[in-house]
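See structure below.
None of the figures in this text is laboratory data; all of them are computed from the coordinates on show. In this text, all values refer to a predicted model and were calculated from it rather than measured experimentally. Note: ideal-geometry Cβ built from the backbone for every residue, glycine included; neighbour counts use all protein chains shown.
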Amino acid sequence: MNQDTLKLLRLAKGFLGSEDDFKAVRILRKLIKEKRGEHYPAEWLAELYFKRKEWKPALYYAQSSFDASEKKEKLNYIIGIAATARGKVSLADKAWKALEVFEQAWKGIYVGLYYETYNEKKIYRAEMISPCLARVSSIPFPNSTLCVGDIVLFDRRGTGSAFNEEENIEIYPFLGRQKRSFYKVFSCRLEPCTLSEFRMLMYLCQRNQVFFDVWSNTTVHFLGSKKQKNPEIYLGLVDANAGKSHYIALAGQRKLDILKVLLDWKGITHKSYDLLRKH
């Protein structure tokens with residue numbers, strides 16, 4: 001590699017470090033066009049476009065640099081996520097297999113999705129349906145751009161852990177929505193009830209394929225200092241103390257499904273609910 005090429009590579013690396021992407025992209029594309037710089041220009045572009053969530057060029061440049069690169073694990077990771085986002089299932093499966101990510105490592109596992117916009121910063125619970133896809137099982141508030149049942153893409157590089165009384169789950173950054181759901185969301189207030197009566201409602205929802213969440217207990221607590229890289233986040237659904245009223249959300253395909261769950265719960269526990277409304 002000649003000195004002029006090395007100089008351009010160092011210049012491009014500097015621009016990438018200072019997040020001056022436009023100048024970096026111009027130099028790297030020039031080197032690729034002139035077939036200089038070996039695999040580095042394409043590899044760096046793959047990483048850049050992955051960071052920017054531009055899946056088509058990220059996939060293209062990751063594949064272009066793959067054979068000559070020494071960072072095959074990193075490139076397979078980019079290919080796995082970018083190919084999934086582009087709907088190229090067989091290509092994504094090949095990448096995950098190379099990374100030894102098999103079905104037993106994700107099927108039926110729940111994760112916490114770190115979802116951040118200009119006016120919203122939340123952790124949503126979701127069930128994995130592939131190595132980097134999950135179905136949102138929390139019920140976001142109506143002003144959220146996400147909906148329960150949405151199929152979303154996430155970054156497998158965890159940012160922390162979440163816990164409640166029964167489980168610990170890993171938190172992963174949200175990357176984008178792949179498929180929107182159209183569940184009907186309702187909310188209501190429960191009469192104060194015991195923990196066992198509350199769990200009965202959760203069981204009835206599960207049996208009738210109705211999503212369930214507690215909107216009166218959605219505060220997310222980040223523990224530790226701002227410098228902590230892996231914060232713990234509490235995802236508890238309900239306090240163990242009896243005699244507390246809860247504002248809950250239910251989501252299903254039909255209003256009839258929601259009413260059936262609530263009426264069955266009322267008949268079993270002899271407790272009531274009020275303020276039922278559709279969102």
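Taking all C-alpha pairs of the chain, those more than 27 Å from each other amount to 51 percent.
Evaluating 6.51 cos²θ - 1.76 cosθ + 1.60 at θ = phi - 60° for every residue in region 105-112, the Karplus couplings come out as 8, 9, 5, x, 8, 9, 10, x Hz, glycine and proline recorded as x. Based on every Cα atom in region 105-179, Rg and the maximum pairwise Cα distance Dmax equal 11.4, 33 Å.
What net charge do the residues around GLU47 carry, taking every other residue with its C-beta under 12 Å from that of GLU47, with Lys and Arg at +1 and Asp and Glu at -1? All intermediate terms of the calculation are to be shown ahead of the outcome.
Values: positive: LYS13, LYS51, ARG52, LYS71, LYS74; negative: ASP21, GLU43, GLU54.
The answer is +2.
Note that region 3-98 carries a Kirkwood radius of 13.4 Å, evaluated over its alpha carbons pair by pair.
Distances between placed amide hydrogens fall under 5 Å for GLY149 paired with VAL136, SER137, all partners being 5 or more residues away or on another chain.
Couplings for region 9-23, taken from phi via the Karplus curve 6.51 cos²θ - 1.76 cosθ + 1.60 with θ = phi - 60°, read 5, 5, 5, 4, 4, x, 5, 5, x, 8, 6, 9, 4, 4, 5 Hz in order; Gly and Pro are left as x.
Calculated [222 nm] ellipticity per residue, helices only, for the chain: -12000 deg cm²/dmol; basis is -39500 (n - 2.57) per DSSP H run with n ≥ 4, divided by all residues, nearest 500. Sequence-distant contacts, meaning Cα pairs under 8 Å at least 6 residues apart, place the relative contact order of the chain at 13 percent. Couplings 3J(HN,Hα) for region 208-215, derived from phi with the Karplus relation 6.51 cos²θ - 1.76 cosθ + 1.60 (θ = phi - 60°), are 9, 6, 10, 6, 9, 8, 10, 6 Hz, where x marks Gly and Pro.
When you restrict to C-alpha pairs under 8 Å that are six or more residues apart and normalise by the size of region 66-128, the relative contact order lands at 22 percent. Close amide H pairs (under 5 Å, H built 1.01 Å from N) link ILE171 with GLY112, THR159, GLY160, SER161, ALA162, residues at least 5 positions away or on another chain. May I ask you to derive the FRET efficiency for LYS35 and SER90 from their Cβ-Cβ distance with R0 = 30 Å, giving the value to the nearest 0.05? With a Förster radius of 30 Å, E is 0.50. Using the Stokes-Einstein relation with a Kirkwood hydrodynamic radius computed over Cα pairs, the translational diffusion coefficient of region 20-67 at 25 °C and a viscosity of 0.890 mPa s comes to 235 µm²/s. Within straight-line reach of LYS7, meaning a Cα separation under 19 Å, sit the following lysines at least 8 residues removed in sequence or on another chain: LYS23, LYS30, LYS33, LYS35. Given R0 = 35 Å, the distance between the Cβ atoms of LEU256 and THR117 translates into a calculated FRET efficiency of 0.60.
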